[in-house]
1. Residues of segment 34-56 being over 11 Å from residue 83 (Cβ atoms) and within 16 Å of the chain's Cα centre (by Cα), which ones?
2. Within segment 1-20, count every residue that is surrounded by 11 or more Cβ atoms within 10 Å (Cβ to Cβ) and under 30 Å from residue 58 (Cα atoms).
3. Given the residues 39, 50, which is the only one that is in contact with a helix residue (DSSP H, G or I) (Cβ under 7 Å, 6 or more places away or on another chain), farther than 18 Å from residue 94 by Cα and surrounded by 10 or more Cβ atoms within 10 Å (Cβ to Cβ)?
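All of the numbers you see were taken from the coordinates with simple rules; none came from a lab. Just so we're clear, the structure is a prediction, and the values are computed from it rather than from any experiment. Because the Cβ atoms are built from the backbone with ideal geometry, glycine has one as well, and the counts that use them run over all protein chains shown.
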């Protein structure tokens with residue numbers, strides 16, 4: 001009986017740990033996307049059209065990690081505005097898929 005209780009407690013603890021990891025992982029990714037959006041907004045205000053290589057690489061990485069199938073198939077954004085749109089789509093997919101992760 002004690003072993004069964006211990007096993008049940010371990011299952012609950014593991015589930016809670018996974019929920020916490022998802023929650024904080026999503027938050028950290030949202031924070032990172034916000035930082036990238038800030039950089040792109042500064043480029044947009046400076047009227048720069050081309051996405052710098054370091055941001056393009058980060059966009060590729062985020063797109064590859066995205067669960068949204070339609071985002072994975074998109075080509076690399078060619079302009080700052082396209083890059084911002086892509087980040088907003090990734091951000092939306094994170095916000096609206098929250099209840100599915102738990």
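1. Residues satisfying the conditions are 34, 35, 38.
2. Going through segment 1-20, the residues surrounded by 11 or more Cβ atoms within 10 Å (Cβ to Cβ) turn out to be 15, 18-19.
Among the residues that remain, those that are also under 30 Å from residue 58 (Cα atoms) are: 18-19.
So the answer is 2.
3. Details: 50 fails: in contact with a helix residue (DSSP H, G or I) (Cβ under 7 Å, 6 or more places away or on another chain).
Exactly one residue qualifies, and that residue is 39.
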